[in-house]
1. For the chain, report the convex hull volume of the alpha-carbon atoms normalised per residue, in Å³, without decimals.
2. Rounded to the nearest 20 Debye, what is the dipole magnitude of segment 1-89 about its Cα centre when Lys and Arg each give +1 and Asp and Glu each give -1 at the C-beta?
3. List the residues, sorted by chain then number, that are 5 or more residues from residue 81 or on another chain and whose placed amide H is less than 5 Å from its amide H.
4. As I understand it, the dipole of the chain uses +1 on the Cβ of Lys and Arg and -1 on the Cβ of Asp and Glu, about the Cα centre. Which of 15, 39, 103 lies farthest toward its positive end?
5. What is the packing order of peptides 60-70, 78-88, taking the mean over residues of other C-beta atoms within 10 Å and listing the highest first?
6. Taking Cα centroids, how far is segment 49-98 from segment 7-23 in Å?
7. Among residues other than residue 116 whose Cβ falls under 12 Å from its Cβ, what is the net charge (Lys/Arg +1, Asp/Glu -1)?
8. Rounded to the nearest 500, what is the 222 nm mean residue ellipticity of the chain from helices alone, with -39500 (n - 2.57) per DSSP H run of 4+ residues and division by all residues?
Amino acid sequence: MPTYANNRKAFHSYSIEDSFEAGLVLSGHEVKSIRFGQVSLDGAYVTIRNFEAFLRNAYIGKYKQASNLDSYDESRERKLLLHKSEILKLMEATKKKGISLIPLEIYTNKNRLKLKVGLGRGKKQFDKRESIKRKETKRKIERIIRQRI
C-alpha cells in the first residue's frame with residue numbers, strides 16, 4: 001500500500017479525531033502523474049455541497065507524456081466517492097464549531113487510489129507547543145535507551 005502524498009501540516013495544525021477512506025474521481029493522466037509523485041496536499045481541504053464531497057486546492061501536476069493539456073487546471077475541484085451515510089456523518093460533524101475536513105494522505109488500496117480524510121479540530125498555539133515538547137522528550141528518551149544498549 002504505497003503512499004504518494006502526505007499532509008504533514010495537518011497533524012501539526014489539527015488534532016485528528018476520526019478518519020474516512022474515500023475514492024477519487026480522476027482522469028487517466030492525473031492517475032499517472034500521481035503515481036509519478038507529482039501531487040501535493042498542502043493547503044488542500046474537503047467541502048461538502050449538495051450531498052457530495054469535493055477535494056479542493058490539491059495540486060496534481062500535468063503528466064508530461066500526455067497531449068492536449070493546455071487548459072488543464074492543476075488545482076481543480078475533484079469529486080470524492082463516499083457512501084451517503086458517511087457524507088451525512090461528515091456533514092453533521094462539520095456543523096460543530098472548530099471541526100474541519102482535512103485530506104491526510106493519498107495511497108493505493110487494491111490498485112485504486114484512495115484519499116484518507118480526517119475530521120480535525122484546530123489546535124491553539126499552546127497545544128502545538130505542547131505536542132512539540134512531547135515529541136522532543138520522546139526522542140530524547142529513545143536516544144538514551146539506544147545508547148545504553
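1. Hull volume over Cα atoms, normalised by residue count, gives 154 Å³.
2. Once rounded to the nearest 20, the dipole reads 160 debye.
3. 23, 24, 25
4. Selected residue: 15.
5. On the way: 60-70: 12.9, 78-88: 15.1.
Sorting 60-70, 78-88 by mean packing, highest first, produces 78-88, 60-70.
6. 15
7. Working: positive: 114; negative: 18, 21, 105.
Surrounding charge for residue 116 is -2.
8. It lands at -10500 deg cm²/dmol.
Every number in this text was worked out from the coordinates using simple rules, so none of it is lab data. Please read all numbers here as calculations on a predicted model, not as lab measurements. Cβ: placed from backbone, ideal geometry, glycine included. Neighbour counts: every protein chain shown.
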